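Trainee: This structure is in structure tokens; I'll ask about it shortly.
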Amino acid sequence: MSTPEATVSPLRGQPLLTDEDVARSHDRSRVHHARHHRRRWHLLWLLVGPGILAMLGENDGPSMIAYAADGAQYGLGFFVPLIPILFAMAYVCQEMCMRVGAVTHRGYGELVLQRYGRVWGWFGAGDLTLTNLVTLIAEFVAIRVGLAYFHLGSGVAVALGLALVAFTLSGGRYWRWERIVLGLALFNGLFLVAAVLVKPHVSAVVGSLDFTPFPGGSVNTLLLLLASTIGATVTPWMIFFQQSASADKGMTPRDIEHGRYDTAVGATLAAVFGLGALIAGAALLTHGGSGIQGFAPGAGFPEALRRVAGSAVGTVFALGLIEAGAVAILTISASTAYAAGECVGAAHSFNRSPRNAAVFYAANIGVALLAAVVILIPGAPLLSIALNANVLATVLLPVSLVLLVMLANDKGLMGAWANRRSTNAIGIAVIAFVGICGAAYGIDSFLLATHLIGA
Amino acid sequence: MSGGGPVIEERHREGAIEETDLQPQERFEDELIMHLERDQFVAETSRPVPRAVLSARATAGLWALRVFVVLVGLMVIYTFVDQLN
């Protein structure tokens, strides 16, 4: 891979400094300063980012709707303990991404492509592009549902999403992009506010920690719930995003401990806010919850919550959906841009100017624009696309996870930072669980659709 | 600083040039460069890592998983299209 700027000095054989290097050096100088002066909280503040963004970015529109739909249809039982377990699984995967990014200073896409060959690199990029496009459509739908509560239409949703992408890209600095998106992501806490406003019984929440009552319904429904809930916590874009963002941020092996804090805080916040959506949705359980379609035309969940729990809950939930969709559009577009730059061998950093990283910026805006166009098509099956986004991500995830575990075990790349046996054992268990759940739903649904088995 | 940006040499490692000889801009960039690890420079990360040699079993396992995932993915897409109808 070569870039116009990254060449070698003819005089001393030393590399030229690019604008990307200069920007990253500025960020790293502040990290060194904070570490040198033992300013622990300042150091933590400087090093958090990719982990929280990956986790809260995955608390996106379809995910929050899925959690709320789980609560509305089945109540709290089973899901209250399941959601934290799934985010613990996500932590294991994302910690590996952060560690590989910090040690190798390279993104997931380029490492797979260079280390295991172009076939595997392009397969991964293909999976990512497909799932990202479908998910981005669902994000715009989520924003549209939130805005519909305020009597605003699809055009406003598209304009808002695209304006945010353009605004965050305008600075030419990773740090600026990260802090803006972090600021937006904290509003994911609106789902917790919604949960408090519905005044849940604490005893009911605590009592559901034993996985009961188990959701009723058909096996296929249960598999769909599992697959979509897994897809709401771990997805291919998170793997691409956190590894590339960790490298772009300039993290090094010395920062891995803080990277773990970052990822753990992100997982904890995401689990708590996800539970907030579940609890808020559960307020609809005794009010015809099974008939509520989160993405139905109109304001869907927010409107249903307004009728049952009051306008404050409806408003907060609608704002939460807008936030969840907006942040996910930014992070998912970024993951697509990183993958595009890495796979075609072009510059891929927020620290580059658009002129020096045309592929990166074009992919970032292009994929968001493509998804936006789809939701403006009259009669497009947006509801079905949105509901299947998480499932598709779950089905395609195992290959990405296997290659991630291979990278994290590669002693040639990772040296002393390679996976321990315990991490491998947990990682393999996660892959097996995700693979079995996704495959079981896919095969069962196919057999039902082709009438090879009865419902 | 793109394109014709100044050459940054790692003088701080060599110690061959007195600091007083440096122009303010060079000194500033030398201080900056100290905060990056050598393998973090774009020029370094632009060099591809060597290709790993996968065993036949690992390659076969990866292909089996890939084929399986594609088949299940197609099933999900078929179900999705079927539901639309």
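The values are calculated or read from the model by the stated rules, or taken from the named source; none is laboratory data. Since the structure is predicted, the reported quantities are computational estimates derived from the model, not experimental observations. Every residue, glycine as well, gets a Cβ built from its backbone with ideal geometry; the counts of neighbours run over all protein chains shown.
Trainee: Answer with yes or no whether residue A:136 is not hydroxyl-bearing (Ser, Thr, Tyr) and not in a helix (DSSP H, G or I).
Mentor: no
Trainee: Something else: Counting only residues that are under 24 Å from residue A:384 (Cβ atoms), give me the helices (runs of 4 or more DSSP H) lying completely in segment A:183-293 with at least 3 of them.
Mentor: A:219-231, A:236-249, A:256-282
Trainee: Still on this structure: Applying the selection to segment A:98-111, what residues are more than 14 Å from chain B (Cβ to nearest Cβ) and over 16 Å from the mean Cα position of the chain (by Cα)?
Mentor: A:99 - this is the single residue of segment A:98-111 that is more than 14 Å from chain B (Cβ to nearest Cβ) and over 16 Å from the mean Cα position of the chain (by Cα).
Trainee: In this structure, is residue A:354 more than 21 Å from residue A:162 (Cβ to Cβ), surrounded by fewer than 24 Cβ atoms within 10 Å (Cβ to Cβ) and at pLDDT below 95?
Mentor: no
Trainee: Which residue, of A:390, A:356, is of a type in the set (S, T, N, Q), outside any helix (DSSP H, G or I) and in contact (Cβ under 8 Å) with a residue 24 or more places away in the chain?
Mentor: Among A:390, A:356, only A:356 is of a type in the set (S, T, N, Q), outside any helix (DSSP H, G or I) and in contact (Cβ under 8 Å) with a residue 24 or more places away in the chain.
Trainee: Among what's in segment A:107-132 and is surrounded by 23 or more Cβ atoms within 10 Å (Cβ to Cβ) and of a type in the set (D, E, K, R), pick the residue that is nearest to residue A:206 (Cα to Cα).
Mentor: Looking at residues that are surrounded by 23 or more Cβ atoms within 10 Å (Cβ to Cβ) and of a type in the set (D, E, K, R), I get A:127.
Trainee: Same structure again: Hey, can you tell me all the residues within segment A:336-373 that are of a type in the set (Val, Ile, Thr) and within 22 Å of residue A:235 (Cα to Cα)?
Mentor: Within segment A:336-373, the first condition is being of a type in the set (Val, Ile, Thr), and the residues that meet it are A:336, A:344, A:359, A:365, A:367, A:373.
Passing the criteria: A:336, A:365, A:367.
Trainee: Follow-up. Just wondering, is there one or more residues in segment A:283-293 that are of a type outside the set (Asp, Glu), at pLDDT below 95 and buried (at least 22 other Cβ atoms within 10 Å of the Cβ)?
Mentor: yes
Trainee: Continuing with this model, one more query. Quick test of your reading of the structure: residue A:95 fulfils all but one of (1) within 14 Å of another protein chain (Cβ to nearest Cβ); (2) within 21 Å of residue A:83 (Cβ to Cβ). Name the failing condition by number.
Mentor: (1)
Trainee: Now, a different point. Can you list residue pairs whose Cβ atoms sit under 8 Å apart, with the first residue in segment A:199-222 being farther than 17 Å from residue A:85 by Cα and of a type in the set (S, T, N, Q) and the second being at pLDDT below 80 and surrounded by 12 or more Cβ atoms within 10 Å (Cβ to Cβ)? Count only pairs 6 or more apart in sequence or on different chains.
Mentor: Going by the 8 Å Cβ cut-off, the qualifying pairs are A:221/A:215.
Trainee: Give me a count of the residues in segment A:410-425 that are buried (at least 17 other Cβ atoms within 10 Å of the Cβ) and either more than 10 Å from chain B (Cβ to nearest Cβ) or free of Cβ contacts under 8 Å to residues at least 12 places away in the same chain (or both).
Mentor: Here the count works out to 4.
Trainee: Taking residue A:390 as the residue in question, decide whether it is at pLDDT below 90, crowded, with 24+ Cβ neighbours inside 10 Å and either touching a helix residue (DSSP H, G or I) at 6+ places or on another chain (Cβ under 8 Å) or aliphatic (A, V, I, L, M) (or both).
Mentor: It is true that residue A:390 is at pLDDT below 90, crowded, with 24+ Cβ neighbours inside 10 Å and either touching a helix residue (DSSP H, G or I) at 6+ places or on another chain (Cβ under 8 Å) or aliphatic (A, V, I, L, M) (or both).
Trainee: So which helices (runs of 4 or more DSSP H) stay within chain B end to end and still have 3 or more residues that are modelled with pLDDT under 75 and within 7 Å of chain A (Cβ to nearest Cβ)?
Mentor: B:24-33
Trainee: Take residue A:340 and tell me if it is more than 11 Å from chain B (Cβ to nearest Cβ), in a helix (DSSP H, G or I), under 17 Å from residue A:167 (Cβ atoms) and within 20 Å of the chain's Cα centre (by Cα).
Mentor: Here the answer is no, as residue A:340 does not meet what is asked.
Trainee: Let me confirm something: among A:369, A:382, A:452, which residue is more than 10 Å from every other protein chain (Cβ to nearest Cβ) and more than 21 Å from residue A:58 (Cα to Cα)?
Mentor: Going through A:369, A:382, A:452 in turn, the sole match is A:452.
Trainee: Criterion first (away from chain B (no Cβ under 11 Å), in a helix (DSSP H, G or I) and surrounded by 14 or more Cβ atoms within 10 Å (Cβ to Cβ)) does residue A:441 satisfy it?
Mentor: Here the answer is no, as residue A:441 does not meet what is asked.
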